[in-house]
Structures are given as structure tokens and as C-alpha cells.
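Reviewing the structure listed below.
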Amino acid sequence: MAQETRHKQIIELVAERGFVTIDDMAQHFQVTPQTIRRDINYLDQEKQLQRYHGGAGIPSSTLNTAYSDRKIQNLEEKKRIGEAIASKIPDHSSMFINIGTTTETIAKALLKHRGLTVITNNLHVASIMSSKEDFNVIIAGGAVRNRDGGIIGEATVDFVKQFKVDFALIGISGIDDDGELLDFDYQEVRVAQAIIENARQVFLAADHSKFGRNAMIRLGNISQASHLFTSQTPPSNISEILSEHGVELTVTH
């Protein structure tokens, strides 16, 4: 059996049973436990399942991966996405940039621009972009989430609603099969919804691992984006939604 086929069937098996041991999978697929461990490690890194001691289960829909891990996951893909988005942003534009390691990569790609006005609820983005003297960087008020430098809360939502900007640069934790945009923190989602509502164009940044990734809280739908930037061709059902709603697509191979 080809590795790609086995990976797909492992995901289906875990989804069906909730948890499957390494020994059971090795017997099921007629391969060594070492092979299954390598498969599980790979699929865990891709956020397709959750690695546990002795086996694998369904990824958590309530807890996000640690910030330090997310910062290095799929980094090259995030850099390509960042460069692609930067190429579509004119100098002297105004924008929101929300919380996330992908949007931090976008911020770095935008440092070659001139005269940008940036409103952000991400302390890391503010730190990156305030290094440019000709940038106007505005930090949203609210409570600072110490694990990742995100600023959240009702005060943040109210702050965002004061503005109407050219672009919203949005990262997301997961995209469901029906195009629903999913995240882990209700307060973060409320801020992101306000950002989308108060931007003329919405640029959604999502590397390939976000498709089919499970998270508990609905942010909106991919159809609300003006342009999706991703690292691999999206699943066919997502492509259909993009086409139906006129959402532009950039795939950064």
C-alpha cells in the first residue's frame, strides 16, 4: 500500500474509532509498529490527528497548538504566502492584521512597503512593523493574552469598529469542509469578525494544514474572503465555494 493511501486510511480509522493503538494499526495495515509511529508523527505534525502515548486520536477542537510550535510549523509555506500577499498590497494602504503566526510572517514581508497604516491586535506584529519610521502602527486596546501576544476582549472589538480600512489580513486555525472558518478562542473570534466587517477587502492566509482542521468556534465562512492565499490547491468542495462566491485564489507552490 502506498504511504499516501495508508495515511488517508489511518485518518479515516481514527475518525471512526476516536482512538487507535499503534499495535492495532500495525496489524490492520500489515506493517511494522515503527512504520505506524512514523506515519502518526507525520500526521500529527500536519494536524490531521493527535499523537498520544501508544496510539493516535482525533485532534482537539478546544485547544490550539502551543505558540512556540506554531511559529515554526510550515514556516516556508507561510513565508511564501506572506510574500504573495505583500505583492498585492499597494504602498500607503491601511489594514488590519489579526492574531497568528502566519500574519506575523506577512508583517515581515510588508516591511519593504512604504507609508502603511497598520491596526493590529497582535503585539508581535506591532513590534515587527513599528521598526519602519514611515509606518503608522496602531495597537488595539484590550487584554493581552500572554501565551501569544494577542489582544482580545470587548474593548478590542469596540476599538476595531472605529475604523474602516482597505485590507483585513486574516489568519485562521481551521477551515471545515463546508468552508466554515474555525478558531479556538471566542474572544479572538469576536475581534476577527469585527475586523472582517470593517475592511473593504479580506485577504485570508491559510497554509495547507488548515483545511479540514478541527476547532470549536465559528468565525465565519470562507465565502466572506475577497482573496484566499494558500500553499496547496484546496479540496474540491472548497474550490467550488470560492468559485461560486467569486473569491480569488492564489496558490503559492
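Indicate, rounded to the nearest 5 percent, the antiparallel portion of the DSSP beta bridges found entirely in segment 157-216.
On the way: 2 of 9 bridges.
Percent antiparallel among DSSP bridges in segment 157-216 is about 20.
Just to confirm the filter: which GluC sites (Glu not before Pro) across segment 84-167 are DSSP coil and have at most 15 other Cβ within 10 angstrom of their Cβ? Working shown, then result.
Numbers: sites: 104, 133, 154; in loops: 133.
Here the GluC sites (Glu not before Pro) that fit, given the DSSP loop and packing criteria, are 133.
If you work out Cα extents along the principal axes in Å from the coordinates, which of (1) 61, 37, 28; (2) 61, 43, 38; (3) 51, 39, 31 do you get?
Given (1) 61, 37, 28; (2) 61, 43, 38; (3) 51, 39, 31, the structure-derived one carries the label (1).
Scan the chain and hand back the longest stretch that contains none of the trypsin sites (Lys or Arg not before Pro) lying in DSSP loops with at most 13 other Cβ atoms within 10 Å. Intermediate results must be reported in sequence, preceding the final value.
Details: sites that count: 114, 147, 161, 164.
That gives 1-113 as the longest site-free run.
Take every DSSP beta bridge whose two residues both sit in segment 21-173, then give the antiparallel share in percent to the nearest 5. Provide the component values of the computation, followed by the final result.
On the way: 8 of 19 bridges.
Given both bridge residues lie in segment 21-173, the antiparallel proportion sits at roughly 40 percent.
If Lys and Arg each add +1 and Asp and Glu each add -1, what is the summed charge of the other residues whose beta carbon sits under 11 Å from the beta carbon of residue 142? Before the final figure, lay out the partial values.
Numbers: positive: 145, 190; negative: 154, 158, 188.
Its environment carries a net charge of -1.
May I ask you to work out the translational diffusion coefficient for segment 105-190 at 10 °C, viscosity 1.306 mPa s, via Stokes-Einstein with Rh from the Kirkwood sum over Cα pairs, reported in whole µm²/s?
On the way: Rh = 14.1 Å.
Answer, rounded: 113 µm²/s.
With each run of n ≥ 4 DSSP H residues scored as -39500 (n - 2.57), what mean residue ellipticity at 222 nm is computed for the chain after dividing by its residue count and rounding to the nearest 500 deg cm²/dmol?
On the way: 10 runs with 96 residues, N = 253.
Calculated mean residue ellipticity at 222 nm is -11000 deg cm²/dmol.
Please report the antiparallel percentage of DSSP beta bridges with both residues in segment 96-163, rounded to the nearest 5.
40
Bins of 10 Å, beginning at zero and ending with the bin holding the largest distance: percent of Cα pairs per bin for segment 118-253, please.
In whole percents, the pair-distance histogram is 12, 41, 35, 12, 0.
Can you sort 53, 245, 7 by solvent-accessible area, 1.4 Å probe, largest first?
Details: 53 185, 245 100, 7 20 Å².
Per-residue accessible area, sorted high to low, gives 53, 245, 7.
Compute the separation of the alpha-carbon centres of segment 193-228 and segment 128-176 and state it in Å as a whole number.
That distance is 15 Å.
Would you mind telling me which residue in 121, 221, 237 has the biggest mean-square fluctuation in a Gaussian network model of the chain, where springs connect alpha carbons within a distance under 10 angstrom?
Per the Cα network of the chain with a 10 Å cutoff, 237 tops the list.
The values are calculated or read from the model by the stated rules, or taken from the named source; none is laboratory data. Note that the structure is a prediction, hence the values are computed from the model and not measured. Don't worry about glycine lacking a Cβ; one is built from the backbone with ideal geometry, like all the others, and counts go over all protein chains shown. Note: areas computed on protein heavy atoms with side chains; ligands, DNA, RNA excluded. Shrake-Rupley method; radii C 1.70, N 1.55, O 1.52, S 1.80 Å.
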